[in-house]
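Here it is, the structure in full.
Rule-based calculations on the coordinates, nothing more; no lab input. All figures in this text were calculated on a predicted structure; none of them were measured in a lab. Glycine gets a Cβ as well: all are built from the backbone with ideal geometry, and neighbour counts include every protein chain shown.
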Amino acid sequence: MTGQATRQEAAQRALAGLPPSAAVWCSGLHKRYRRRTAVDGVSFTVERGEVMGLLGPNGAGKTSVIKMLLGLVRPDAGEVLLLGRPARDPYARARVGYLPELFRYQPWLTAAEVLALHVRLAGVAVPAGERQEGLAAVGLGDRAGDRVGGFSKGMQQRLGLAVALVARPELVILDEPTSALDPLGRADVRDLLLSLKARGVAVLLNSHLIGEVERVCDRVVILDKGRVAAAGTLPELLGQRELRLRLDRVGPEARARLAAAGRLTRGGDAYTVTLPAELDDAAVPDLVADLVGLGVRVHAVEPGRISLEERLLDILRTGPSEERS
Ligand SMILES: Nc1ncnc2c1ncn2[C@@H]1O[C@H](COP(=O)(O)OP(=O)(O)OP(=O)(O)O)[C@@H](O)[C@H]1O
């Protein structure tokens, strides 16, 4: 045995003793295309078994980041590790499933042949029965023997999902996986993502469908103009709660009490108080009791939480603030 092989084995043994590394780790990614900066210092982590959403407006740099993660585009600066390895490492490659934003599969092959080809490329032994189950999971169970050239765009995207999942990946990167899908297809993808999460597979999901992201993602990174504008778990990002009240006979003291509870806006008799995230459960009944004590007539009290869409628009319009990580 050569000295180099011995050293490699020793390094592998040392690595095997370490806790599992993050599914995705990237730090300081930069990319310029000619004079345009597409990605400007992006860093984030996707933990094992976590579903992370990548959100942001057109041209924010989402696809550029994904391509750098996968080693398809070379960053000008920054580092990437997938499953603890460089993206081009064959170990990582075989364990990462990818659905590109612009997908196209060999039109002369059948759906079953496309899956068989990708399994061979990944170097994983997946029996034909399991490949057929993969097609069924994306709604193509009865089209396995049909040529891809005759597939609709949505069917090709479904096939792309099956390709991304067929080699039993530990990490799946999906770039707008539902862009060509009908509402039923989108619901299928949601179920698929939830079943991946249940199996401990990490997912990085780039989608403009905010409701989809809100339903399945544990954490979200929001990109804007090539930078991370906000990042965090959904409760962290949506932390603020709103309280909508319909009130009359609101005097200066009552107004001050409302303003002390949180950011106050008013339209006629409708008052909205944006409450801090860490408020305890007694805060709302206490507020209402105080208002009544100050002579206010309380017609309605309606609690609410802002949606991810509202939060995203707020972040993109006002820019990142210090409260966000
Ligand atoms: N190959 C390329 N050559 C030149 N510019 C590019 C290239 N790829 C991306 N860009 C530019 O980089 C910026 C980010 O593009 P990117 O595709 O990463 O954005 P995105 O957030 O994925 O957008 P969308 O939501 O529209 O898909 C854009 O200004 C785009 O024009």
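Got a sec to turn the phi values of the stretch 167-172 into Karplus ³J(HN,Hα) couplings, 6.51 cos²θ - 1.76 cosθ + 1.60 with θ = phi - 60°, whole Hz, x for Gly and Pro?
In residue order, the calculated couplings are 8, 6, x, 9, 9, 10 Hz.
If I model the chain as equal point scatterers sitting on the Cα atoms and use the Debye formula, what is log10 I(q)/I(0) at q = 0.06, 0.12, 0.13 Å⁻¹?
Evaluating at q = 0.06, 0.12, 0.13 Å⁻¹ gives log10 I(q)/I(0) of -0.30, -0.90, -0.99.
May I pose another question? Compute and list, largest first, the equivalent-ellipsoid semi-axes of the stretch 168-239 from the alpha carbon gyration tensor, each √(5λ) rounded to a whole angstrom.
That gives 20, 15, 13 Å for the three semi-axes.
Taking the number of other C-beta atoms within 10 Å as the exposure measure, put Trp25, Trp108 in order starting with the fewest.
Trp108, Trp25
Next question. Using 1/(1 + (r/R0)^6) with R0 = 25 angstrom and r between the beta carbons of Thr265 and Ser179, what's the FRET efficiency to the nearest 0.05?
0.10
Once you've got the Cα coordinates, tell me which of Lys31/Lys62; Lys67/Lys225; Lys153/Lys197 are over 23 Å apart.
Lys153/Lys197
Antiparallel DSSP bridges in the stretch 20-235: what percent, to the nearest 5?
55 percent
Okay, next question. Top mean-square fluctuation among Leu234, Leu287, Leu161, Gaussian network model of the chain, C-alpha springs under 10 Å?
Checking each option, the largest mean-square fluctuation is seen for Leu287.
Pick from Gln157, Gln106, Gln132: which residue has the top mean-square fluctuation in a GNM of the chain where Cα pairs under 10 Å get a spring?
Comparing Gln157, Gln106, Gln132 in the GNM, the peak value goes to Gln106.
In whole Hz, what ³J(HN,Hα) sequence does the stretch 158-163 give by Karplus (6.51, -1.76, 1.60; θ = phi - 60°), x for Gly and Pro?
4, 4, x, 5, 4, 4
While we're here: Equivalent ellipsoid semi-axes for the stretch 69-167, as square roots of 5 times the alpha carbon gyration tensor eigenvalues: give them largest first, rounded to whole Å.
Those come to 27, 16, 10 Å.
Mind listing the phi-derived Karplus ³J(HN,Hα) values for the stretch 60-72, rounded to whole Hz, using 6.51, -1.76 and 1.60 with θ = phi - 60°, and x for any glycine or proline?
5, x, 5, 5, 4, 4, 4, 5, 5, 4, 8, x, 8
Please get the size of the charge dipole for the chain, origin at its Cα centre, with Cβ charges of +1 on Lys and Arg and -1 on Asp and Glu, quoted in debye to the nearest 20.
With only Lys, Arg, Asp and Glu charged at Cβ, the dipole is about 1220 debye.
Now, a different point. Let me have the 222 nm mean residue ellipticity of the chain computed from DSSP H runs of 4+ only, each contributing -39500 (n - 2.57), with the sum over all residues rounded to the nearest 500.
Mean residue ellipticity at 222 nm (helix-derived): -11000 deg cm²/dmol.
So how far apart, in nm, are the two label points at Tyr33 and Leu102 if each is 7 Å from Cα heading toward Cβ?
0.9 nm
Can I get the semi-axes of the stretch 116-208's equivalent ellipsoid? Compute them from the C-alpha gyration tensor as square roots of 5 times the eigenvalues, in angstrom, largest first.
Gyration-tensor ellipsoid for the stretch 116-208: 19, 18, 12 Å.
Dipole magnitude of the stretch 163-213 about its Cα centre, charges +1 at Lys/Arg Cβ and -1 at Asp/Glu Cβ only, in debye to the nearest 20?
The dipole of the stretch 163-213 has a size of about 220 debye.
Still on this structure: Exposure proxy check: Ser64, Ser307, Ser21 ranked by fewest other beta carbons within 10 Å?
Ser307, Ser21, Ser64
What residue among Asp175, Asp188, Asp142 has the largest mean-square fluctuation in a Gaussian network model of the chain, using Cα springs under 10 Å?
Ranking Asp175, Asp188, Asp142 by mean-square fluctuation puts Asp142 first.
Something else about it: First check a/c for the stretch 239-305, with a ≥ b ≥ c the square roots of the eigenvalues of its C-alpha gyration tensor; if it is under 1.5, answer rounded, and if not, answer prolate when a/b is larger than b/c or oblate otherwise.
Prolate.
If neighbour count is taken as other Cβ atoms inside 10 Å, put Ile66, Ile315 in order from fewest to most.
Ile315, Ile66
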